[in-house]
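S.K.: Starting off with a structure, shown below.
Derivation of every value follows stated rules applied to the coordinates shown; laboratory data play no part. Predicted model, so just to flag it, every value in this text is computed and none were measured. So basically every Cβ, Gly included, is an ideal-geometry build from the backbone, and we count neighbours across all protein chains shown.
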Amino acid sequence: MKKVKQFLLLSITTILLQGCGAYSFTGADIDYSTTKTFQVNLFENNAPIVEPGIARDFTIQLQDLMLNQTSLDLVNNNGDLVYEGEIVEYYIAPITATSQSTAAQNRLTIAVNVRFYNTNDESKDFEQRFSFYFDYDGAAQLTGSDLDEALNIIFERITQDIFNKSLANW
């Protein structure tokens, strides 16, 4: 009797899981039968203000996000999904002022122009600009670990927005 209950429970669970279809906890809409690889070309830094190393850091962060949220393999060329583009803005601007006419708070803004190509479904191709910002105290200098933290926050948001636009039905 106990084995019959276990068999029924296992059978019902299997039927329910198969009935749900393919589901991804990341929200990715990928047909893994036709899409196996992706490539992320280096995002050149074409912003008027060039911060050394951010082109490499952004490219790596987008690659890492894709590797962590999909089962696709990273390739250097001929990827089923191709990401390319450039960093087009990197600037710091005051956003609030003090009574002494100095910045009480500054904002670092970064914008990235992205071209996405899906070689299996050209209707999903796009070119779009993504941007995000990081606010910090006007008296602070955004250098060292503070800059690293700001870049990480900005890049995390931008890469997730790129992922959502290219692979999630949002």
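S.K.: Using only Cα atoms, locate the centre of the range 136-158 and the centre of the range 35-55, then give the distance between them in Å, rounded to an integer.
M.R.: Spelled out, the Cα-based centre of one part sits 18 Å from the other.
S.K.: Now, a different point. Sort Thr96, Thr70 by Cβ crowding within 10 Å, fewest neighbours at the top. All intermediate terms of the calculation are to be shown ahead of the outcome.
M.R.: Working: Thr96 11, Thr70 19.
Exposure proxy ranking, most exposed first: Thr96, Thr70.
S.K.: Put +1 on the Cβ of each Lys and Arg and -1 on the Cβ of each Asp and Glu in the range 29-167; which of Ala139, Ile30, Leu67 then has its Cα farthest toward the positive end of the dipole?
M.R.: It is Ala139.
S.K.: Got a sec? Which residues in the range 134-170 would a label at Ile49 touch, if it sits 7 Å along Cα→Cβ and we count backbone N under 17 Å?
M.R.: 134-155
S.K.: DSSP loop (so not H, G, I, E, B), at most 12 other Cβ within 10 Å: list which chymotrypsin sites (Phe, Trp or Tyr not before Pro) in the range 73-109 pass both filters. Intermediate results must be reported in sequence, preceding the final value.
M.R.: Details: sites: Tyr83, Tyr90, Tyr91; in loops: none.
Nothing satisfies the criteria.
S.K.: Under 13 Å from the Cβ of Thr59, count the other residues' Cβ atoms, weight Lys and Arg +1, Asp and Glu -1, and hand me the total.
M.R.: Numbers: positive: Arg56; negative: Glu44, Asp57, Asp64, Glu84, Glu86.
So the surrounding residues net to -4.
S.K.: Using only alpha carbon pairs under 8 Å that are at least six residues apart, calculate the relative contact order of the range 57-162 and give it in whole percent.
M.R.: Details: 153 pairs, mean separation 25.4, N = 106.
It comes to 24 percent, rounded to a whole number.
S.K.: Return Ser166, Ser101 ranked ascending by Cβ neighbour count within 10 Å, so the fewest neighbours appear first.
M.R.: Ser101, Ser166
S.K.: Further question: Restricting things to Cα coordinates, could you compute the convex hull volume per residue of the range 29-167 in Å³?
M.R.: 105 Å³
S.K.: May I pose another question? Could you give the dipole magnitude of the range 88-170 about its Cα centre, charging the beta-carbon of Lys and Arg +1 and that of Asp and Glu -1, in debye to the nearest 20?
M.R.: Roughly 180 debye for the range 88-170.
S.K.: Among Val88, Val50, which comes first, then next, by fewest other beta-carbon atoms within 10 Å?
M.R.: Taking fewest neighbouring Cβ atoms as first place, the list is Val50, Val88.
S.K.: Between Arg56 and Phe126, 0.36 nm times their residue separation minus their Cα-Cα distance comes to what?
M.R.: So the extension gain works out to 23.0 nm.
S.K.: Points 7 angstrom from Cα along the Cβ direction at Asp148 and Tyr32: gap in nanometres?
M.R.: With each label placed 7 Å out from Cα toward Cβ, I get 3.4 nm.
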